[in-house]
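The values are calculated or read from the model by the stated rules, or taken from the named source; none is laboratory data. Owing to the predicted nature of the structure, the values given are computational and were not obtained by experimental measurement. Because the Cβ atoms are built from the backbone with ideal geometry, glycine has one as well, and the counts that use them run over all protein chains shown.
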Amino acid sequence: MFLIVGLGNPGNKYKNNRHNIGFMVVDFLVSFLEASLQSNKDFSGELYKKNDLLLLKPSTFMNLSGKSVLSVINFYNVSSFLVIHDDLDLKFGAVRFKVGGGSGGHNGLRSIDSMCGNEYCRIRYGIGKPELKEQVASYVLSDFTTDEIKYNESLIKHCANAALEIAKLDSFIELNKISSKYSLKEIV
């Protein structure tokens, strides 16, 4: 089994927020793959399955995402997984790949790291950042601009395709193959 986790916050209030880009990519994958919703409620999230692929949207809110991820890992005996998340340190439209490392101040990653370790693959979806550090919380919880929304459809599909290729890798050591094919500097 391979697990793809999309980070975000549950509820319509957050649906189109920058912080929810991971949910958006997983939603695309669920639809594209016609994955089935799993009924086990112990996962603290929406879990979908298609063959040997699991797709998770934690419903624990961003700061507690690790709880949901850990419960799926333990139940399905998952040995490797991928997390798709927003990244303030990348310009909007940039896409990067990483295995391991720190959370970069991202509370969802910090939660996963504390409960599951940090040796997992990441798709970092650039959202840009506000001018002032004090604006970060309101920025990530704000919706994408009209111009950004125009690009999101192709960027989400791009990240979904990359995620599916990563799921096929025998080892994250081979990630450079995916990285060179799917990395983007920025969209604009």
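Quickly run through the stretch 100-150 and pick out the residues that are part of a strand (DSSP E or B) and more than 27 Å from residue 167 (Cβ to Cβ).
Once the filter is applied, which keeps residues that are part of a strand (DSSP E or B) and more than 27 Å from residue 167 (Cβ to Cβ), the stretch 100-150 yields only 143.
Here is a list: 75, 97. Which entry is assigned to a strand (DSSP E or B), hydrophobic (A, V, I, L, M, F, W, C) and under 23 Å from residue 170 (Cα atoms)?
Numbers: 75 fails: assigned to a strand (DSSP E or B).
Of the residues listed, the single one that is assigned to a strand (DSSP E or B), hydrophobic (A, V, I, L, M, F, W, C) and under 23 Å from residue 170 (Cα atoms) is 97.
Kindly establish whether residue 156 is under 22 Å from residue 34 (Cβ atoms), aliphatic (A, V, I, L, M), within 13 Å of the chain's Cα centre (by Cα) and part of a helix (DSSP H, G or I). So that I can check it myself, show each step before the final result.
On the way: under 22 Å from residue 34 (Cβ atoms): yes; aliphatic (A, V, I, L, M): yes; within 13 Å of the chain's Cα centre (by Cα): yes; part of a helix (DSSP H, G or I): yes.
Considered against the rule, which asks whether it is under 22 Å from residue 34 (Cβ atoms), aliphatic (A, V, I, L, M), within 13 Å of the chain's Cα centre (by Cα) and part of a helix (DSSP H, G or I), residue 156 comes out as yes.
Pick out the one residue from 153, 148 that is under 15 Å from residue 21 (Cα atoms), acidic (Asp, Glu) and surrounded by 15 or more Cβ atoms within 10 Å (Cβ to Cβ). Reasoning before the result, please.
On the way: 153 fails: surrounded by 15 or more Cβ atoms within 10 Å (Cβ to Cβ).
One residue alone meets the criteria, 148.
Do you know which residues across the stretch 52-63 are at pLDDT 95 or above and hydrophobic (A, V, I, L, M, F, W, C)?
53, 54, 55, 56 - these are the residues of the stretch 52-63 that are at pLDDT 95 or above and hydrophobic (A, V, I, L, M, F, W, C).
With 41, 49 as the choices, which residue is modelled with pLDDT of 95 or more, more than 16 Å from residue 106 (Cβ to Cβ), surrounded by fewer than 24 Cβ atoms within 10 Å (Cβ to Cβ) and over 16 Å from the mean Cα position of the chain (by Cα)?
On inspection, the qualifying residue turns out to be 49.
For residue 80, indicate whether it is modelled with pLDDT under 95 and either out of contact with any Lys or Arg (no Cβ under 6 Å at 6 or more places or on another chain) or surrounded by fewer than 17 Cβ atoms within 10 Å (Cβ to Cβ) (or both). Break it down into steps so the answer makes sense when it comes.
Values: modelled with pLDDT under 95: yes; either out of contact with any Lys or Arg (no Cβ under 6 Å at 6 or more places or on another chain) or surrounded by fewer than 17 Cβ atoms within 10 Å (Cβ to Cβ) (or both): yes.
Judged against the criteria, residue 80 is a match.
Looking at the stretch 1-38 only, could you name the residues that are buried (at least 22 other Cβ atoms within 10 Å of the Cβ) and small (Gly, Ala, Ser)?
Across the stretch 1-38, the qualifying residues are 6, 8, 22.
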